[in-house]
1. Can you tell me how many residues in the stretch 119-161 are in contact with a Ser or Thr (Cβ under 8 Å, 6 or more places away or on another chain) and not in a loop (DSSP other than H, G, I, E, B)?
2. Go through the stretch 77-120 and count every residue that is touching a Phe, Trp or Tyr at 6+ places or on another chain (Cβ under 7 Å) and over 17 Å from LEU48 (Cβ atoms).
3. Taking helices (runs of 4 or more DSSP H) that fall entirely within the stretch 301-365, which contain at least 3 residues that are open to solvent by 10 Å² or more (accessible area, probe 1.4 Å) and in the same structural domain as PHE111 (by TED's automatic domain parsing)?
4. Being free of Cβ contacts under 8 Å to residues at least 60 places away in the same chain and out of contact with any Leu (no Cβ under 8 Å at 6 or more places or on another chain) is the requirement here; does SER387 meet it?
5. Failed condition for SER276, given (1) within 27 Å of LEU359 (Cα to Cα); (2) out of contact with any Ser or Thr (no Cβ under 9 Å at 6 or more places or on another chain), with all others met?
6. Quick check on this structure: which one of HIS67, HIS82 is closer than 29 Å to ASP185 by Cβ, open to solvent by less than 10 Å² (accessible area, probe 1.4 Å) and outside any helix (DSSP H, G or I)?
7. With respect to THR298, determine if the residue is of a type in the set (Val, Ile, Thr) and either modelled with pLDDT of 95 or more or buried (at least 23 other Cβ atoms within 10 Å of the Cβ) (or both).
8. State yes or no: is LEU210 surrounded by fewer than 18 Cβ atoms within 10 Å (Cβ to Cβ), at pLDDT 85 or above and not hydroxyl-bearing (Ser, Thr, Tyr)?
Amino acid sequence: MPDISRRHLLSTAAALGVAASLPSPMLANTQARFVRKNAFSPDAIPDLESYRRAVEAMLNLPPDHPHNWYRYAMIHMSDCPHGNWWFFAWHRPFIGYFEQIIREYSGDSNFALPYWDWSAEPKIPPQFFVTPSDPDNPLDPTSGHYYETQADFAADFEQIVKALYASYTPAQKAQLTLRGYPDADSYWASYNNGALEDGILANIATNRALNRWNTADYKIDYQNPDLVDLTAQQTPWGRPVPAKTNVEPSKIRTGIKAPDFAMPASGASQSVYFNSPISANHHMFTGSAEIEGFPHNTTHNFLGNAMQSLMSPVDPIFFLHHCNVDRLWDVWEQRQRNLGLSTQPLTGDQQAFYSEEFLFYIDVAGQPVTGHTTARDAMEITPFDYSYTPGTGSELIGAPLSRVVAANFTAVEEAAPIAAGSVSLAKGALNPTLTEELALTANSLTNEGLPNAEAARDYLATVTFIPPASAGSLVYELYVAPGNSEAVPGNADTVLGGTFEFFGMRGAKHSHHADPLHITYNITDAVQALNGQGLLEKDTELSFAMVTQSNEVGGLEAAAEATQMRDGQLLGVSVASI
């Protein structure tokens, strides 16, 4: 037992369940008219050809046309939820109406949007790059079809956007005010001490070459299409980006096995959840469950300036990325139904969830969508009449229920500060801001460590914290060590448990949080690595450290100068296995 006087002990007691047996494969729903296929399948080639025709046509529409390529992306900028329980529901109609629009502009009435299964194929499909033989491919946002500079975009769109704001209904303007855009000027461009900080203009790359990752050390193009784990030396801000690691099947598996709909707003739990935490409205960020927080966020942030921003639909790969996110939700829903479990919020939460309105969708006729605008409506696949071919995670649809073993949420007795903008971090002198312990149960490990019978179980740690003022400019690394040791990055007995980064929060309007956030990390690999070193025994405890690093060029010193810093606080941790 470690010295409790040195750190606060977080403990729990529970027994582990038996791992699920081998799953059976899923067959596509042949009743749906449109079947969305894996983008790497030969069967998807006709759809990708139709997609290209339609994207080029939409790029050529005038800026005042509601189906103009950039105009459609503005729907996402104006209304998309991230980091709350409406994330999956909002994006389903956004993709569904888009798919209908693509049928119109491609002339292909049978078009179904392909999905990019990044867990099976962690690389961008080859159809999405300019090449020497195809230098003007409209599916590549660095091609000549896209605005060369931010100034060129502004010349065409500033007055269009301000007129669009004026045309919005009072209900739409109320939603934009919640989002931080109370008037046309802030919606178009917000400035802080003369520097462009937020709004639609700030979400457009200063140069189209930056729409895909393009640095001296790493460039995404047809010769380098892979999602990779970049080293700190390959990024201008000097920290690693685990793009491949964060889309591995293990990051999908735990999300799909989750038996409950949404994490409570408190973060305190006795279960595992598919959706991110409950929030008061869909413009709030309350945390991230695993599928949204890791494969979704990291893939966005890895690909380049276009995909890193709330105008991310400017990059045509966005829609295949989110098609896969929706597919994973569909897999989870099918699995829940097979197990006799609910696919809906808890009864007491349903009214709050169902009644939330999404007011910015545009239909195939170019008109605002009416009569199908609530979250309850948005959950339905039936209006869009599609199904998916099997992909990563589909094998879990027929798998037995995995019993959750969860710890009580345990508060830190004295809130541990998370220092934002620490110069020592910028200089590489890692300085963990928290070390706390959480006991594993006596039954979770055999005398030899991780039990053979439980080898398929996954371990999750949900960290509750108030982030620093520069939340959107930081990444959050969780380190794990045996409980008889301090978790100190760089030590032989300390393992990286996961790296989390926000999506769409680079601007100041979306990066200041005074309320607690709840981020779920999959620490299975860390537990297994420690066990492989012989460091875990029966009743072994775990020690955690959360470390923040900057994702801005110039490191934490630049981030500290960019905004008034407020230290965050680590409030507590809960751990579960499934």
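The values are calculated or read from the model by the stated rules, or taken from the named source; none is laboratory data. Bear in mind the structure is a predicted one, so any value in this text is a computation, not a measurement. When we count neighbours, we look across all protein chains shown, and the Cβ atoms used for this are built from the backbone with ideal geometry, even at glycine. In case anyone asks, the SASA skips ligands and DNA or RNA and just uses the protein heavy atoms, side chains included. Shrake-Rupley method; radii C 1.70, N 1.55, O 1.52, S 1.80 Å.
1. 2
2. 14
3. 317-338, 350-354
4. no
5. The number of the failed condition is (2).
6. Answer to the check: HIS67.
7. yes
8. Answer is yes for this residue.
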